[in-house]
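The values are calculated or read from the model by the stated rules, or taken from the named source; none is laboratory data. It should be emphasised that the depicted structure is a prediction, and the values quoted were computed from it without experimental measurement. Because the Cβ atoms are built from the backbone with ideal geometry, glycine has one as well, and the counts that use them run over all protein chains shown.
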Amino acid sequence: MVGITAYGAYVPLFRLSREAIAKGARGEKAISNFDEDSITMAVAAASDCLNGMDRETVDGLYFATTTSPYKEKLGAAIVAMAADLRPDIITADFTNSLRAGTAALMAAIDAVKAGSAKKVLVVAADCRLGTPGSAFEQNFGDGAGALLIGDSDAAVTVDASYSVYNEIMDVWRADGDTFVRSWEDRFSLTHGYLQAVGEAVSGLMRKSKLTPKDFAKAVFYSPDARRYAELAQSLGFDAKTQLQDALFATMGNTGAASPLMLLIAALEEAKAGDRVLLASYGNGSDALVLQVTKQIEKIRDRRGMKGHLASKKVITDYKKYLIWRGLLPQEETPGPVRFFSAPAAWREREANLRLRGVKCQVCGTIQYPPQRVCTHCHTKDQFEPYRLSDKKAKIFTFAMDYVTLALDLPTVTTTIDFDGGGRMECYMTDREPEQVKCGLPVEMSFRKIIDKEGAHIYYWKTMPLRT
Amino acid sequence: MGSIKDKVAIVGMGCTHFGELWDKSYKDLMVDACYEAFEDAGIEPKDIQAAWYGSRESGFTGAHLANALKLEYIPISRVENFCAGGTDTFRNACYGVASGAYDIALACGVEKTKDHMGGFAMYTTTPFDRSMVEWDLPPVSQFAQLATRYLYHYGLSYEEGRRILSKISVKNHHNGTLSPKAHFRREITLEQAMNAPMISYPLNLFDACGMSDGGAAAIVTTPEIAKGMRKDYILVKALALANGAGQATLQPEYDFVHIPETVAAGKAAYKEAEIKNPRKEVDVASVHDCFTITEMLIYEDLGFSPRGKGPEDVEAGTFELTGELPVNTDGGLKCFGHPLSASGLRMIYEVYKQLQGKAGPRQLKKADIGLVHNVGGVNGLFNCAVAIFGRS
């Protein structure tokens, strides 16, 4: 049976207290660190989803976002590299719409049903910006969700779907805009959101001959908490018992990733046999009927939504948030004198993006970055690739630079030893300076290192184990 | 393998003021350092048969030195080996003389770091445009990683470690006050050094050397020729160079409490100079205190202190001017300043003056054997030069 065979999620470690944006505003929103974007969050969710699974069997990766760092360049390729997937797979970006997440999900299901692929990984991530101080800024949160669609062992089957589109200027962001724009709420929510989702869900019910009572849970994209309850009620769902918590208080609206992330949150609580309704919004709506199988119990060993939501650091410094988002100009560090080289980055792609070291086939020594001559036995060119991105490590030594201008001082650099072998030097992220010490267990996180003339340079950093 | 011992003599040296020399170009520094050396040796520029020029970022070919000094159509090679460049430049000139190819050779190192915003360029392990994924920070974080691990390895608290490192800084500041050409010439208190602003944990501002402009030069010849030039020429006893193979950051076995390149260069130099007990036999040492932790590790790596006992020797004042083995008598990189490729030659200048008994207020009573040590690069990829000198 075709369906969801695994899920994974990612919510950044940091939360901004809404009080920091506007006095009296309640709750907190998930905010990506200065070195995160939709690509890095997608990689984190993909890694969570693929936890312990054979990555060689994945035949496709669909990346859904409205906030790709590139207008022209395939985000899915970067995500697939960092997730260490095979090169001969289908990759595509689904973008420009809040419905990109469900569009990618439905396309993946169709691809697997059609036999074009056996397993397709769908990853949706977003980090949308509202104008400083606006309601959008308060509501928007950052995050990513990943669903693996497979042709067997489905933990969740997809039984029916129904889509509508509606052309309306309600919420948009033009080429060159930094912030999301919208028409007046009363117009755009009534004739946009409520109308389109209403039509899609009603159509789905008719098509599948189901009524709200047949669902254990309903999961809707929603622009805010009030409209969420209003929509559920208008469609005949009991907001108290049937409606999935939309996580406005703890995470915020994660855009194109929202439907997938909320679905994952629902699946974390679901039992075999539960029927779940999923509906997205974005110039129309995609609605799906899903059913949970016994297999769900076998894919629970992930951080998922719960694990990531529980692991957090709340910041109240609004200036820091603006700096992280690049909305406050910063003094520039002198240098560096060397520049980015696309050929060098391309040559090093296996090491830098996949985080593959090598293992010497003669003496077994694991080494990073890949070498031509073995560090230990000096044998030339006899190595096999060795994935380090999923290995835990411990800090051997570190330094914390308080002087070189950066978006988040101190800049921590670490030398780490991987469990199972291999040593690496790299930056550390998502850390409190006080917690950094020799012997600290760390994991690897894919982050943006630098923006250079429009090139986003990604690499791996260490971070304290997220517990 | 042969030996350079007693095959080359220094007959003249020069060294400019070090500091923020806004009014001097790198060519001014070449002229100032070399003409002092010519005068000291009693020769003319035209007597130079070959030259080696050390520079990391101030004049990329030998022609720049030729142009400044009007050395017409002689062979000049540029040497670049990061912070070990100065001593390596000298080493190349010595081999030129020892080979019999040249009678008189010049070694000159000049750096104009302060023409760059911020001192010198950031993390620069590779001279090429690159993928930019390595961390891109000033050198202090490399050495801070050594300090972090040293404290952890020997179970020292931050305060205990800080006190030891700060004492090294206080010593070098004191010695700097006795060096008229030094960049920084003022005493600091232990309290000042301990409470300075952090630059890269666990190293603070006073753990770091000065970033300076400066130049230094040496004239080398054979001992036979030297005898006819002056009585107090100085003999080269050893020249060693060891370059890291990246092993420290590839192999978890590396402990980050020593610098293997320094150990290797030290061993080679002691063997060549026939030194068995460096702590007893070396009278004066100019070592690479780019950061205080580096000087600490050098004490142990060069066998001045037993492993892990550097802090005890610091507490005992072993390396102060009045101590058993004075280190960085002219203020070191910390206070004399650190124009990268000039530093090695500046260190040789100090040892040369000490061995000749011409070191002024900081002159040591006994100075028969002197050692120079430079190390530069990043963990795993250090370039380390050690040279040993004796009196004629």
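Matching residues to (1) more than 14 Å from chain B (Cβ to nearest Cβ); (2) under 28 Å from A:L13 (Cβ atoms); (3) among the β-branched types (V, I, T); (4) touching a residue at least 60 places away in the same chain (Cβ under 8 Å):
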residue: A:V292; (1), (2), (3), (4): yes, no, yes, yes
residue: A:L309; (1), (2), (3), (4): yes, yes, no, yes
residue: A:K313; (1), (2), (3), (4): yes, yes, no, yes
residue: A:E331; (1), (2), (3), (4): no, yes, no, yes
residue: A:L353; (1), (2), (3), (4): no, yes, no, yes
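So that you can scan it fast, the table gives a plain yes or no per residue for (1) in contact with a strand residue (DSSP E or B) (Cβ under 6 Å, 6 or more places away or on another chain); (2) within 30 Å of B:D40 (Cα to Cα); (3) among the acidic types (D, E); (4) part of a loop (DSSP other than H, G, I, E, B):
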{"position": "B:S179", "(1), (2), (3), (4)": "no, yes, no, yes"}
{"position": "B:R185", "(1), (2), (3), (4)": "no, yes, no, yes"}
{"position": "B:S200", "(1), (2), (3), (4)": "yes, no, no, no"}
{"position": "B:G215", "(1), (2), (3), (4)": "yes, yes, no, no"}
{"position": "B:E224", "(1), (2), (3), (4)": "no, yes, yes, no"}
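Counting only strands (runs of 3 or more DSSP E) that fall entirely inside the range B:1-116 and contain at least 1 residues that are without any contact (Cβ under 8 Å) to a residue 40 or more places away in the chain and assigned by TED's automatic domain parsing to the domain that holds B:T222, the qualifying elements are B:76-79. For residues that are away from chain B (no Cβ under 11 Å) and surrounded by fewer than 20 Cβ atoms within 10 Å (Cβ to Cβ), scanning just the range A:384-404, find the one that is farthest from the chain's Cα centre (by Cα). Looking at the filtered set, the residue picked out is A:E384. For B:L190, the conditions (1) touching a Lys or Arg at 6+ places or on another chain (Cβ under 8 Å); (2) within 24 Å of B:Y152 (Cα to Cα); (3) surrounded by fewer than 23 Cβ atoms within 10 Å (Cβ to Cβ); (4) within 14 Å of chain A (Cβ to nearest Cβ) all hold with the exception of (4). Only one entry of A:S68, A:S152 meets the criterion of being polar (S, T, N, Q) and either crowded, with 20+ Cβ neighbours inside 10 Å or not assigned by TED's automatic domain parsing to the domain that holds A:L247 (or both), and that entry is A:S68. Taking the listed residues B:L146, B:L156, the one that is part of a helix (DSSP H, G or I), touching a helix residue (DSSP H, G or I) at 6+ places or on another chain (Cβ under 8 Å) and either within 14 Å of chain A (Cβ to nearest Cβ) or surrounded by fewer than 16 Cβ atoms within 10 Å (Cβ to Cβ) (or both) is B:L146, with no other qualifying.
Of the residues making up the range A:236-280, those that are assigned to a loop (DSSP other than H, G, I, E, B) and at positive phi are A:G236, A:L247, A:G252, A:G273. Residues being out of contact with any Cys (no Cβ under 9 Å at 6 or more places or on another chain), surrounded by 17 or more Cβ atoms within 10 Å (Cβ to Cβ), in the same structural domain as A:L50 (by TED's automatic domain parsing) and of a type in the set (F, W, Y) are entirely absent from the range A:339-351.
Quick check: anything in the range A:97-110 charged (D, E, K, R) and at positive phi? No - not one qualifying residue is present in the range A:97-110. Restricting attention to the range A:198-213, the residues that are in contact with a Leu (Cβ under 7 Å, 6 or more places away or on another chain) and of a type in the set (K, R) total 0.
In the range B:241-257, the residues that are facing another protein chain (nearest Cβ under 8 Å) reach residues that are at pLDDT 95 or above and in a loop (DSSP other than H, G, I, E, B) with C-beta atoms within less than 6 angstrom, at least six apart or across chains, in these pairs: B:Q247/A:T375; B:L250/A:T375; B:Q251/A:T375.
The residue list A:K119, A:K113 contains one member that is buried (at least 21 other Cβ atoms within 10 Å of the Cβ), more than 18 Å from the chain's Cα centre (by Cα) and either closer than 29 Å to A:V164 by Cβ or assigned by TED's automatic domain parsing to the domain that holds A:G304 (or both), which is A:K119. Among the residues making up the range A:405-432, a single one is surrounded by fewer than 22 Cβ atoms within 10 Å (Cβ to Cβ), facing chain B (nearest Cβ under 7 Å) and either charged (D, E, K, R) or in contact (Cβ under 8 Å) with a residue 40 or more places away in the chain (or both): A:D417. Each residue in the range A:365-394 was checked for being out of contact with any helix residue (DSSP H, G or I) (no Cβ under 9 Å at 6 or more places or on another chain) and in contact (Cβ under 8 Å) with a residue 12 or more places away in the chain, and 13 pass.
From the residues in the range A:355-378 that are closer than 15 Å to A:E425 by Cβ and not β-branched (V, I, T), which one is nearest to the other protein chains (Cβ to nearest Cβ)? That would be A:Q367. Within this structure, B:F256 passes the test of being under 22 Å from the mean Cα position of the chain (by Cα), surrounded by 19 or more Cβ atoms within 10 Å (Cβ to Cβ), over 21 Å from B:L340 (Cα atoms) and of a type outside the set (A, V, I, L, M).
Among the residues making up the range A:433-447, a single one is touching a residue at least 12 places away in the same chain (Cβ under 8 Å), out of contact with any helix residue (DSSP H, G or I) (no Cβ under 6 Å at 6 or more places or on another chain), more than 10 Å from every other protein chain (Cβ to nearest Cβ) and among the charged types (D, E, K, R): A:E443. Checked against the criterion of being closer than 29 Å to A:G101 by Cα, under 24 Å from the mean Cα position of the chain (by Cα), at pLDDT 95 or above and surrounded by fewer than 14 Cβ atoms within 10 Å (Cβ to Cβ), the range A:282-291 has no qualifying residue. Among the conditions (1) in the same structural domain as A:L147 (by TED's automatic domain parsing); (2) basic (K, R); (3) touching a helix residue (DSSP H, G or I) at 6+ places or on another chain (Cβ under 8 Å), A:R356 misses just one, which is (1). What's the total number of residues in the range A:450-467 that are under 24 Å from A:R303 (Cβ atoms) and either among the hydrophobic types (A, V, I, L, M, F, W, C) or away from chain B (no Cβ under 11 Å) (or both)? Total meeting the criteria: 7.
Among the residues of the range B:278-304, those that are farther than 20 Å from B:H338 by Cα and touching a residue at least 12 places away in the same chain (Cβ under 8 Å) comprise B:P278, B:R279, B:E281, B:V282, B:D283, B:E300, B:D301, B:L302, B:G303, B:F304. Scanning the range A:210-232 turns up at least one residue that is in contact with a helix residue (DSSP H, G or I) (Cβ under 9 Å, 6 or more places away or on another chain), surrounded by fewer than 17 Cβ atoms within 10 Å (Cβ to Cβ), in contact (Cβ under 8 Å) with a residue 40 or more places away in the chain and not in a helix (DSSP H, G or I).
Of the residues screened, B:D330 is one that is among the charged types (D, E, K, R), touching a Ser or Thr at 6+ places or on another chain (Cβ under 6 Å), surrounded by 18 or more Cβ atoms within 10 Å (Cβ to Cβ) and closer than 29 Å to B:V11 by Cα.
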